Amino acid sequence: MPSSSGYFRTHYDQDLRFIDTRTQRYCLWLLLAWLAIYPFLATEMLLDLANQVLLASVGAIALMLLTGFAGQVSLGHAGLLAAGAFTAGILFKEFAAPVWVTLPASAAIGAVLGLLFGLPSLRLRGLYLAVSTLALHFIVAYLGGEYEAKRGFSSGIVIDPPVLFGWVLDSAQAWYFVLLAASAGTLLLAANLLRSKTGRAWRAIHDREAVAEALGVNVPAHKLLAFVISSSLTAMAGCLFAYFRGFVSVEAFTLFLSIQYVAMVIVGGMGSLLGALLGAAFVVLFPYGIEWAMAILPIPTRWSGMVFAVDYAAFGLVMIAFLLFEPQGLVGIWRRMQNYFLLWPFKQQLMRK
Amino acid sequence: MQTLINILVLASIYALISCGYVLIYRVSRVLNLAHGEFMMLGAYGLLATASSFGAHPFAAVGVASVMALLVGVAIYFVLMRHMTGESVLAAVLCTIAVGILLRGLITLTWGAQQHYPMEQLGWVNSSISVFGDARISAASLGLIIATAVCYSGLFLFLRYTRWGIQMRAAGQNPLLAAQRGIRLNGIYALAWGLATFTGGIAGMLIACDSGLQTTIVTIGLKAFPATLVGGLDSLLGALVGSLIIGTAEVLLINYVDPLLSDVAPFFILLVMLIFRPWGLFGTREEIDRV
């Protein structure tokens, strides 16, 4: 809340609150009500889109914690999703494990991978770290492919819909509420982590490592913690992804998926949880937008068979545009709009966070 | 013997690609993750010129190479120039975005099917026997020769020519270099141009050898571990790293499991990152600078 609007906090406990004005509370209730009735109003298509956005938002929040807040780059996000998905798939196929076994198992695998691939972060910074996470991606993809090939599931592993409290999750509406809960849970967890000592330590590491260390932050431990938390959240998202699709195949986890997650963080806006949500929505909906645009715009007919290529090209363009012209991402635009209305009729000043 | 030839061919593919990574990184500290796509663009450029200059194959290759060079310079001036001063990560992400854009555009222009630029040029990729029973295709031989020529050319260029020395100076300390009157923009653009030029040549020769498809990008990505193992800012390192990665890959394919070929370079990369992250020949302080 920009203080130039005349709203000031007068108590410390106001600083601790998630929601501090009446308007915000009303907006939240409205949002919750809308989210609750959405699946009953939406068409099948819209519901599926919402599910995809919610699923992606879990991974996006996890990556935002790591990249946007702790400042550690990762290009191996798809590998972690794959690790979660394959943990679920393998446990289901080999031991017929129920979802309340596979989900924690995915989280554990994710945590172990996060620890392993976070270790280089103690010695490496920036680019080199990105490269080691890139290696993670290829190694997990290889292991997954190897399992598929060796066990004869060369086209992928089929997973039955999970059963939660004797209730089979097979309708899009049921999934909507599960994914909404997962997304909201992740969001709350992340928001609370960021308000805690851990979150402050991450921000300090992000801004300047030497200073963080001088302030008594255990830099290696907190870096690893960021990796572990982010990876296990991502692996859980991967597990949900496997159940949601009912199908695990290594082909789903390409390098492009990693780049899409990174794009969510950039397009949404670094260092903001709202940004992660906006970015997830943007990236998930983007291909549908392109398809829609291609249907109404006059384009060469031979392109219509290559939607994915148009998609690639447009995605690249959008990423470049955001990097060049709006490094703060969608959140930056959102803040500016907010400021404009808060300060109207006065001219807005460009405010940094 | 055949194994040795295979290793040599693969290593020179990686080496020819990785000198592009090294050039850009050494001069401007940007990791160009779109290099695979630039390589692909060079190969498709040859395809385009092959159909219009079909009668003069050498002219086609020449024009395609110059086009590759110009693409690099253009990318620098249109895009990467604006990323100076931004965080290193932003620049790298920008190259990734360029890569995706190029991949999309190339698929839109030329389609996803397999092309054979060699046949369009009217050349035959004959198989030559060397050292008794081992055989090597003409294009692969061309590749080895091209790698040797490129590397010796680059070594001489960096050591003796005016621009080469300016490039090294810009890489060592851009501020001082600028103070001495070196035009950084020109030097950076030259580095980008040379990188896409060598990458483009690699792409053309690979396409001549085994046909051209959009999957050629993965080769560019696999050359990256080779660069890093040698040290990101060392040309000699790139050569040695390519040999190591190439050897490991060929041996693993021959004796263990062909599926490992895609992942082997990254395993080696990871081991390297843990024990000696600056690479075999890289500068140690680099790590702290990034």
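The values are calculated or read from the model by the stated rules, or taken from the named source; none is laboratory data. Just so we're clear, the structure is a prediction, and the values are computed from it rather than from any experiment. Cβ atoms come from the backbone with ideal geometry, glycine included; neighbour counts cover every protein chain shown. Only protein heavy atoms, including side chains, enter the accessible area calculation; ligands, DNA and RNA are left aside. Shrake-Rupley method; radii C 1.70, N 1.55, O 1.52, S 1.80 Å.
A few remarks follow.
- Taking first residues from region A:35-56 that are assigned to a helix (DSSP H, G or I) and partners that are at pLDDT 90 or above and polar (S, T, N, Q), the Cβ contacts under 7 Å between residues at least 6 apart in sequence or on separate chains come to A:LEU54/A:SER183.
- Test for A:LEU277: is it closer than 30 Å to B:ALA112 by Cβ and either outside the structural domain of A:PHE153 (by TED's automatic domain parsing) or free of Cβ contacts under 8 Å to residues at least 40 places away in the same chain (or both): no
- Within region A:20-47, the set of residues being under 19 Å from A:LEU274 (Cα atoms) and under 23 Å from the mean Cα position of the chain (by Cα) comprises A:LEU28, A:LEU31, A:LEU32, A:TRP34, A:LEU35.
- Every residue from region B:250-280 that is open to solvent by 20 Å² or more (accessible area, probe 1.4 Å), of a type in the set (Phe, Trp, Tyr) and at the interface with chain A (Cβ under 8 Å from one of its Cβ atoms): B:PHE267
- Residues in region B:254-268 that are part of a helix (DSSP H, G or I) and of a type outside the set (A, V, I, L, M): B:ASN254, B:TYR255, B:PRO258, B:SER261, B:ASP262, B:PRO265, B:PHE266, B:PHE267.
- Residues considered: B:ARG81, B:ARG26. Of these, the only one that is surrounded by fewer than 21 Cβ atoms within 10 Å (Cβ to Cβ), basic (Lys, Arg) and assigned to a helix (DSSP H, G or I) is B:ARG81.
- Identity of the residue in region B:221-234, buried (at least 24 other Cβ atoms within 10 Å of the Cβ) and more than 12 Å from chain A (Cβ to nearest Cβ), that ends up nearest to the chain's Cα centre (by Cα): B:ALA223
- Only one of the numbered conditions (1) open to solvent by less than 40 Å² (accessible area, probe 1.4 Å); (2) modelled with pLDDT of 80 or more is violated by A:PRO162, and that is (2).
- Scan of region A:4-50 for residues that are more than 21 Å from A:ASN339 (Cβ to Cβ), at pLDDT 85 or above and aromatic (Phe, Trp, Tyr), ordered by number: A:TRP29, A:TRP34, A:TYR38, A:PHE40
- Among all residues of region A:175-193, there is at least one that is in contact with a strand residue (DSSP E or B) (Cβ under 9 Å, 6 or more places away or on another chain) and buried (at least 16 other Cβ atoms within 10 Å of the Cβ).
- Scoring A:MET270 on the criteria (1) within 11 Å of chain B (Cβ to nearest Cβ); (2) open to solvent by 30 Å² or more (accessible area, probe 1.4 Å); (3) without any contact (Cβ under 8 Å) to a residue 40 or more places away in the chain; (4) of a type outside the set (Val, Ile, Thr) leaves a single failure, condition (3).
- Residue, nearest to A:LEU240 (Cα to Cα), within region A:120-155, restricted to residues that are polar (S, T, N, Q) and more than 9 Å from every other protein chain (Cβ to nearest Cβ): A:SER155
- The conditions of being away from chain B (no Cβ under 11 Å) and hydrophobic (A, V, I, L, M, F, W, C) are not met by A:PHE117.
- Candidates A:ALA88, A:ALA174, A:ALA107, A:ALA181 - the one that is touching a Ser or Thr at 6+ places or on another chain (Cβ under 6 Å) and either within 20 Å of A:ASN51 (Cα to Cα) or outside the structural domain of A:VAL53 (by TED's automatic domain parsing) (or both): A:ALA88
- A count restricted to region B:151-183 and to residues that are open to solvent by 20 Å² or more (accessible area, probe 1.4 Å) and within 30 Å of B:SER210 (Cα to Cα) stands at 3.
- Residue ranges of helices (runs of 4 or more DSSP H) in region A:98-182 with at least 2 members of a type outside the set (Phe, Trp, Tyr), in contact (Cβ under 8 Å) with a residue 12 or more places away in the chain and closer than 15 Å to A:MET236 by Cβ: A:99-118
- Index of the failed condition, A:VAL248 passing every other in (1) open to solvent by 20 Å² or more (accessible area, probe 1.4 Å); (2) of a type outside the set (Phe, Trp, Tyr); (3) touching a strand residue (DSSP E or B) at 6+ places or on another chain (Cβ under 6 Å): (1)
- Within the set B:ILE274, B:ILE187, the sole residue that is free of Cβ contacts under 8 Å to residues at least 12 places away in the same chain, of a type outside the set (D, E, K, R) and in a helix (DSSP H, G or I) turns out to be B:ILE274.
- Among the residues of this structure, B:SER242 does not count as one that is away from every other protein chain (no Cβ under 14 Å) and over 14 Å from the mean Cα position of the chain (by Cα).
- Residue check for B:GLY45: outside any helix (DSSP H, G or I) and either over 20 Å from A:ALA321 (Cα atoms) or open to solvent by 10 Å² or more (accessible area, probe 1.4 Å) (or both): no
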